[in-house]
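Please read the structure below before turning to the comments.
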Amino acid sequence: MTRKILVTGGAGYIGSHTCVELLNSGYEVVVVDNLYNASEKSLQIVQEITGKNLTFYKADIRDASKMDEIFKKEKNIFGVIHFAGLKAVGESCQIPLTYYDNNVAGTVTLCEVMAKNNCKNIIFSSSATVYGDPHKVPIKEDFPLSATNPYGRTKLMLEEILKDVYTSDNNWNVVLLRYFNPIGAHESGDLGEDPNGIPNNLVPYILQVAVGKLEKVNVFGSDYDTHDGTGVRDYIHVVDLAKGHVSALKKLEPQSGVSVYNLGTGNGYSVLDIVKNMNKAVGRELPFVLAPRRPGDIATCYADSSLAFRELGWRAEFDIERMCVDSWRWQSKHPDGFK
Ligand code: NAD
Ligand code: UFG
């Protein structure tokens, strides 16, 4: 029997790429998204790319009665891949209650509705941000956890909440996936990240410089203890990340309990490494300036993802060059994103 997966936040950046991989792997897909940070167009593209249909509900995960209606109408939802959430670190410091309401209260409501409908399988989007400033790299899943901003605290709280839910009822199966830095886009160039306003993250910012919407890249900090002084991160192709979710579905079997995996490549690249690779993809030198450090940033962050390989058989395949080429294909084909 084909398994039906509910994808919350499925119209968003990582969610839409995951829908492609789920459909290509033969799953039935039901998406719930309130379109706060996405366009329904992404789901149209997902269906064009795969040649398969999905079901979409424009709904908010905090709306318990609507969510209950969806579960009842869809009947046999096997599990939920839960992407829906707000994700801007800076914004979370300005409007923390909105973040706690959307991310924490939203997930609590979602889990209540799931339990009521006897669906107790969930894969949750966590983040490398839960490691705070790691004492060493590569980061393993059992490293100490901490949060330095409200966004990070929502992820940390939700990891704890989902563990408590399992402890209270062992019929739950929970997979916590800690993503490192997703970049890249589907190889068609028709599905990618479409941020609202001026991007906070490095690669979307560089891409807008490349299409002439922004003047130059600001490199936040050039005096870190790294190979060239700029911050080092573990960038991972969004398609690899999406495939990680399909691999994680195998942990949603009875008695699996709570599993936690880092999804990264294990390689660290600096801001200047990314600029260089993007220059190559774009075919010219993009302007940048060295700027002060951004408050709250850490020097270096990259994953040990060997646990995901051992237990899920998953590992990232795409290299940094490919990540930049695919990012640029998307941005150059669609300078205004889905608009
Ligand atoms: P995104 O904003 O593109 O996708 C999130 C989607 O959730 C959007 O389509 C949005 O409209 C929807 N949404 C938000 N609140 C909702 C609600 N209450 N009800 C229904 N839909 C709602 O972000 P993304 O980059 O695809 O991230 C997906 C998840 O992964 C998020 O939980 C994010 O915190 C997490 N994550 C992202 C990154 C990253 O760098 N992109 C890193 C680590 C973790
Ligand atoms: N950077 C710049 N200039 C910019 C933007 C970023 O130099 O305009 C630098 C940052 O200082 C950092 C690196 O580029 O060294 C990456 O920054 P991003 O903002 O792209 O990503 P972060 O590592 O800060 O954070 C991202 C997500 C978080 C998530 C974290 C770990 O935004 O939500 O990855 O998964 F928690």
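No value in this document is a laboratory result; all are computed from the given coordinates. Note that the structure is a prediction, hence the values are computed from the model and not measured. Backbone-built Cβ (ideal geometry, glycine too); neighbour counts: all protein chains shown.
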If a paramagnetic tag sat 7 Å from the Cα of Asp319 along the Cα-Cβ line, which residues of the stretch 275-290 would have the backbone N under 16 Å from that point? 276-281
When the Cα centres of the stretch 116-172 and the stretch 198-254 are compared, how far apart do they sit, in Å? 21
Computed ³J(HN,Hα) along the stretch 317-328: with the Karplus parameters 6.51/-1.76/1.60, θ = phi - 60°, integer Hz and x for glycine or proline, the list is 10, 8, 8, 5, 4, 5, 4, 6, 4, 5, 4, 5
Helix 64-74 versus the longest principal axis of the chain: what angle, 0 to 90°, nearest 10, using Cα atoms? 70
Grab the eigenvalues of the alpha-carbon gyration tensor for the stretch 82-127, scale each by 5, take roots, and send me the semi-axes largest first in whole angstrom. 24, 12, 5
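Under the 0.36 nm per residue contour assumption, what length would be gained going from the current alpha-carbon distance of Lys72 and Thr148 to full extension? Could the numbers behind the result be given before it?
Values: separation 76, 0.36 × 76 = 27.36 nm, distance 3.91 nm.
That pair, Lys72 and Thr148, stretches by 23.5 nm at full extension.
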Just to verify a number: FRET efficiency for Asn196 and Ser65, C-beta to C-beta distance, R0 = 30 Å, to 0.05? 0.55
Once amide H atoms are placed 1.01 Å from N in the peptide plane, what residues at a sequence separation of 5 or more from Ser146, or on another chain, have their amide H within under 5 Å of its amide H? Tyr131, Gly132
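What does the helix-only formula give at 222 nm for the chain: each DSSP H stretch with n ≥ 4 adding -39500 (n - 2.57), the total divided by the residues, and the result rounded to the nearest 500 deg cm²/dmol? Could you put the intermediate results ahead of the total?
Numbers: 12 runs with 126 residues, N = 339.
Value at 222 nm, helices only: -11000 deg cm²/dmol.
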Measuring from the longest principal axis of the C-alpha atoms of the chain, the long axis of helix 41-50 (C-alpha) lies at a number of degrees, nearest 10, equal to 80
With a sphere of radius 9 Å drawn around the Cβ of Asn267, what net charge do the other residues whose Cβ falls strictly inside it have (Lys, Arg +1; Asp, Glu -1)? -2
Go through the stretch 139-149 residue by residue and turn each phi into a ³J(HN,Hα) via Karplus (6.51, -1.76, 1.60, θ = phi - 60°); whole Hz please, and just put x for glycine and proline. 7, 9, 4, 8, 5, x, 10, 7, 10, 10, 7
Work out how far the C-alpha atoms of the stretch 292-339 reach from end to end along every principal axis, then list the three figures in whole Å, largest first. 40, 34, 21
What does the charge count around Ser25 come to, taking other residues whose C-beta lies under 12 Å from its C-beta (Lys +1, Arg +1, Asp -1, Glu -1)? +2
Please report the antiparallel percentage of the DSSP beta bridges confined to the chain, to the nearest 5. 5
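Report the calculated FRET efficiency for Ala291 and Glu311 (r = Cβ-Cβ distance, R0 = 51 Å), to the nearest 0.05. Mind dumping the intermediate values first?
Values: r = 41 Å, r/R0 = 0.80.
FRET efficiency, Ala291 to Glu311: 0.80.
If you wrap a convex hull around the alpha carbons of the chain, what volume per residue comes out, as a whole number of Å³?
Numbers: hull volume 41.8 nm³, N = 339.
Taking only Cα atoms, the chain has a hull volume of 123 Å³ per residue.
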